[in-house]
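One structure is given below, encoded as structure tokens.
Where a number appears in this text, it was derived from the coordinates with a stated rule and is not lab data. This is a predicted model, so every value here is computed, not measured. Quick reminder, even Gly has a Cβ in these numbers, built from the backbone with ideal geometry, and neighbours come from all protein chains shown.
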Amino acid sequence: MSMATITSTASHTSVASVTLEVADPEAARRFYTALGVDTRIRLRASEARSTGFRGFTLALTVSRPATVDSFLGAAVDAGAAVLKPATKSLWGYGGVVQAPDGTIWKVATSAKKDTGPATREIDEMVLLLGVEDVKASKQFYVGQGMTVARSFGGKYAEFTSGESSPVKLALYKRRGLAKDLGVPADGTGSHRIILGSTTGPFTDGPFTDPDGFAWEAAAPLTPAPSPTSAPS
């Protein structure tokens, strides 16, 4: 599973952190360090049963094609499987990989040409939830205090994130998301994702959204202590 922690600003609620639930946290930590997103996520051990598409993806938006290739190459070198090789399209350039723990990652840019060398900079990280009814799920989250930033009918909705938020929450039609990622839309068992909050109605107790994505109270993301500084 993964958990997104929510914080509230003066004007809206926004995602503050993401925790992935994985079978082997240490192996996952090595992978995400190699990918370059270890400071943006945290990990939790879980053996929850999950088959097929888990209904979500994490997407990295970067500045240019060379940077897309750099992130995807690092992922593959660390053990990821390629679901869709990086290619040009009408909207830009991007590709999709699946981490050893099963999480699907997309890396993309709106740029079609390189204006410089590859970097390891991430412009934005988006948690995309695949939902059956985008309008209904959008209204559910608005009712929980989130603010819609962009919405395209019943196909896509994106929520406003705080200035310090490392991840943005968005909704996409489940079958459309699966098609975009290059995987079958079917899946059973756990979503392997739990969203959490430190403020507002999200902290009232565990509950699920219209698509079965679970919420629970969660602490803000804090850096993990290094082995040398950890208390004895």
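For Arg192, Arg150, Arg30, what ranking results if the residue with the fewest other Cβ atoms within 10 Å of its Cβ goes first?
Taking fewest neighbouring Cβ atoms as first place, the list is Arg150, Arg30, Arg192.
Shown for Thr160, Thr67, Thr51, Thr19: other C-beta atoms within 10 Å of each C-beta, ranked fewest to most, produce the order Thr51, Thr160, Thr19, Thr67.
Under a 5 Å amide H cut-off, with hydrogens placed 1.01 Å from N, Thr19 pairs with Met3, Ala4, Thr5, Arg42 among residues at least 5 apart or on other chains. Charge tally around Lys179: other residues with Cβ under 14 Å, Lys/Arg +1 each, Asp/Glu -1 each, net +4. Charge tally for Val134 (other residues, Cβ to Cβ under 11 Å; Lys, Arg +1; Asp, Glu -1): +1.
A Förster radius of 22 Å, combined with the Cβ-Cβ distance separating Glu26 from Thr87, puts the computed FRET efficiency at roughly 0.05. Using a cut-off of 19 Å between Cα atoms, the listed pairs Lys112/Lys155; Lys106/Lys168; Lys106/Lys173 include Lys112/Lys155 as exceeding that distance.
Applying 0.36 nm per residue to the separation of Thr51 and Asp77 and subtracting their alpha-carbon distance, the gain on full extension is 6.9 nm. Distant-in-sequence amide contacts of Asp133, defined by a placed amide H-H separation under 5 Å and a gap of 5 or more residues or a different chain, comprise nothing. Distance between the modelled labels on Ala136 and Asp123, one decimal in nanometres: 3.4 nm (7 Å Cα→Cβ projection).
Taking the number of other C-beta atoms within 10 Å as the exposure measure, put Lys168, Lys106 in order starting with the fewest.
Ranking Lys168, Lys106 by Cβ neighbours within 10 Å, fewest first, gives Lys168, Lys106.
If the chain linking Asp186 and Thr147 were pulled fully straight, counting 0.36 nm for each residue of separation and taking away their Cα-Cα distance, it would gain 11.1 nm. Along region 187-192 the Karplus relation, 6.51 cos²θ - 1.76 cosθ + 1.60 evaluated at θ = phi - 60°, assigns HN-Hα couplings of x, 9, x, 5, 5, 6 Hz to successive residues, with x for each Gly and Pro. The Cβ shell under 14 Å around Phe213 holds other residues with a net charge of -2, Lys and Arg each +1, Asp and Glu each -1.
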